Each structure stands twice: as structure tokens, then as C-alpha cells.
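The next block holds one structure in the form of C-alpha cells; read it before the comments.
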Amino acid sequence: MTKLFFDNLVSFEKVEVVIKKTASSNEEKNELWSLVDEVVNHKVTEKILDKLPREHHEEFLALFHKCPHDEVVVFEYLKGKVGKDIEKELQQELESISTDILHELRLEDEVSSETRVSKK
């Protein structure tokens, strides 16, 4: 996964274990991580933009594109504009996303296992 400002808020170790277990090739593993990145980035951005007043959206997105990895700069900006503990809200969102991803990966693994068994 790409290093971003919110990476320290949640661990995706369980997701990593499931991906390693279910991916049949490096290509598939990379594809799954790419999907995880995409979902996580989309959901985090959505959560931030929901909390951030509309007049600050462009400014935030410019800051995010300038220094996506700098948690100090980005969180200071967000705290100043949102006035809430945005880190805690993002942490809860990321934990929920991690749980959802694990659920989806396990369902996919079950379907794949059933398909392999029925082909025998």
C-alpha cells in the first residue's frame, strides 16, 4: 500500500494475512492490494470531505496531493478546519473499512474454495 497520512491510524495486518492466503500469484496479490488501496483512499477522502466545509474542499485536495504522506501537516490542517477530533473519526472509519474488506475477502475465498471443490 502507498504511504499516506492516515496509515498510522489502523493496521491492515489481518487483511495482509488473508490476501497472502487467498492470492494464487504475485499478480493477484498486487491486484488485491491495489483494490484495497483504492477503497481505503476513496472512503477516507469521502469521510474527510463530508466533515470539511465545502469551501475548503479544493484547498484540502491540493494539500493532500502536495504532501499525501505528511500526517502532521494534513491533520493540523483538518483539525483547524473541522474543529473536531478528525483522527479518531478516521480511525473508526478505517477499522470499519478493514472489517468490511476482511469480510469480502473471506467470502471470496469461500466461493473460490467451493468452486475448486465442485470442479473435482
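Computed from the coordinates by the stated procedures, all read-outs in this text should not be read as laboratory data. Keep in mind that what you see is a predicted model, and the values were worked out from it rather than measured. Reconstructed Cβ throughout: ideal geometry from the backbone, glycine too, with neighbour counts over all protein chains shown.
Worth pointing out:
- Residue within region 88-105 that is of a type in the set (Asp, Glu) and more than 13 Å from the chain's Cα centre (by Cα) present: yes
- Number of residues in region 53-83 that are charged (D, E, K, R), touching a residue at least 24 places away in the same chain (Cβ under 8 Å) and closer than 16 Å to Leu9 by Cα: the value is 2.
- Those residues of region 29-83 which are part of a helix (DSSP H, G or I), over 26 Å from Ile101 (Cα atoms) and not hydrophobic (A, V, I, L, M, F, W, C), in sequence order: Arg54, Glu55, His56, His57, Glu58, Glu59, Lys66, Glu76, Tyr77, Lys79, Gly80, Lys81
- The listed residues are Lys3, Lys21, and the only one of them that is outside any helix (DSSP H, G or I), more than 17 Å from Gln92 (Cβ to Cβ) and among the basic types (Lys, Arg) turns out to be Lys3.
- Pick from region 27-65, criterion over 19 Å from the mean Cα position of the chain (by Cα) and charged (D, E, K, R), ranking: nearest to Gln92 (Cα to Cα): Arg54
- Selection from region 22-36 of residues that are polar (S, T, N, Q) and without any contact (Cβ under 8 Å) to a residue 12 or more places away in the chain: Ser24, Ser25, Asn26, Asn30, Ser34
- Residues in region 32-59 that are among the hydroxyl-bearing types (Ser, Thr, Tyr) and closer than 21 Å to Lys84 by Cβ: Thr45 only.
- Verdict on Val39 being surrounded by 12 or more Cβ atoms within 10 Å (Cβ to Cβ) and either small (Gly, Ala, Ser) or touching a residue at least 40 places away in the same chain (Cβ under 8 Å) (or both): yes
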